[in-house]
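J.: Sharing a structure with you now.
The values are calculated or read from the model by the stated rules, or taken from the named source; none is laboratory data. Note that the coordinates shown come from a computational prediction; the quantities given were computed from them, not determined experimentally. In this analysis, Cβ positions are derived from the backbone assuming ideal geometry, glycine residues included, and neighbour counts consider all displayed protein chains. Accessible surface areas use protein heavy atoms only, side chains included; no ligands, DNA or RNA. Shrake-Rupley method; radii C 1.70, N 1.55, O 1.52, S 1.80 Å.
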Amino acid sequence: MIIYILLLLYSCNNQSQQIKAIDLDTIANTIPTDEAQQVQPSVFDRVAALKKLTPFSPAQLKSILPKQLLQYHQTNFEITNQNGYSTAKFTFYNTNQNKAFQLTVIDCAGETGANIYYLQYLTRLNIQSETNDGYTKQFDLFGQKAIASYQKKLNQHELTFFNNERLLIQMSAKHIDIHEMKQIISALEFCIPS
């Protein structure tokens, strides 16, 4: 019995050493290739560039969008300025079709804004999920990467995209399909303060 226990302990020790060797090999094989290392700096360069920009004032951010987009009119506006960045929420409504959508504009300039760009946009680009209740996936929006999500129960679409090298835009709409949302976005012209 004692010999059996000693053999069992010995075999466990040998197996753990083999596992350690495999783990070291696995780690060695996960070192990024030259191609992956070239992609990473551009992301960090953009974040560093955003940190150097001066954030817009609430008044500048308020005037960034037009009062009308296609057949939709701006009906509501709300601005939040906290922790070193500003967020503006614009609601647009179409009285003829009884449809509305909301555009949230986040100024990603400055230290906090650059961190929001990284956390709410870059890290979410690689998240893909699909269930019976909806999806979240990367979406091509006029040659740019966007994040598209859909909640089936609410019939609500959301598109998140980056614009003008500093603005993170989130468009949320109920009962407006993704194709109509793209039409609205194609008509979107920002009045960027100088």
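J.: In this structure, does Gln151 turn out to be out of contact with any helix residue (DSSP H, G or I) (no Cβ under 6 Å at 6 or more places or on another chain) and closer than 14 Å to Ala100 by Cα?
T.: Against the criterion (out of contact with any helix residue (DSSP H, G or I) (no Cβ under 6 Å at 6 or more places or on another chain) and closer than 14 Å to Ala100 by Cα), Gln151 does not qualify.
J.: May I pose another question? Could you list, in sequence order, all residues of region 72-89 that are touching a helix residue (DSSP H, G or I) at 6+ places or on another chain (Cβ under 9 Å) and under 19 Å from Leu188 (Cβ atoms)?
T.: Tyr72, Phe77, Ile79, Ser86, Thr87, Ala88
J.: Got a sec? Which of Glu180, Glu130 is surrounded by 11 or more Cβ atoms within 10 Å (Cβ to Cβ) and without any contact (Cβ under 8 Å) to a residue 12 or more places away in the chain?
T.: It is Glu180.
J.: Kindly indicate whether any position in region 30-41 is open to solvent by less than 90 Å² (accessible area, probe 1.4 Å), at pLDDT below 90 and in a loop (DSSP other than H, G, I, E, B).
T.: Yes, that holds for at least one residue.
J.: Testing Tyr121 on (1) surrounded by fewer than 20 Cβ atoms within 10 Å (Cβ to Cβ); (2) in contact with a Ser or Thr (Cβ under 7 Å, 6 or more places away or on another chain), one condition comes back false. Which one is that?
T.: Failed condition: (1).
J.: List every residue pair whose Cβ atoms lie under 6 Å apart, where the two residues are 6 or more positions apart in sequence or sit on different chains, the first residue falls within region 72-84 and is on the phi > 0 side of the Ramachandran plot, and the second residue, located anywhere, is exposed (fewer than 15 other Cβ atoms within 10 Å of the Cβ) and assigned to a strand (DSSP E or B).
T.: From region 72-84, no pairs qualify.
J.: So, one more: Take region 155-177 and flag every residue that is closer than 21 Å to Lys51 by Cβ, surrounded by 14 or more Cβ atoms within 10 Å (Cβ to Cβ) and charged (D, E, K, R).
T.: The one that is closer than 21 Å to Lys51 by Cβ, surrounded by 14 or more Cβ atoms within 10 Å (Cβ to Cβ) and charged (D, E, K, R): Arg166.
J.: For region 144-154, name all the residues that are open to solvent by 70 Å² or more (accessible area, probe 1.4 Å) and either outside any strand (DSSP E or B) or out of contact with any Leu (no Cβ under 9 Å at 6 or more places or on another chain) (or both).
T.: If the condition is that a residue be open to solvent by 70 Å² or more (accessible area, probe 1.4 Å) and either outside any strand (DSSP E or B) or out of contact with any Leu (no Cβ under 9 Å at 6 or more places or on another chain) (or both), then Gln144, Gln151, Lys152, Lys153, Leu154 are the ones that fit.
J.: Yes or no: Leu188 in contact with a Leu (Cβ under 8 Å, 6 or more places away or on another chain), in a loop (DSSP other than H, G, I, E, B) and either surrounded by fewer than 14 Cβ atoms within 10 Å (Cβ to Cβ) or at pLDDT below 95 (or both)?
T.: yes
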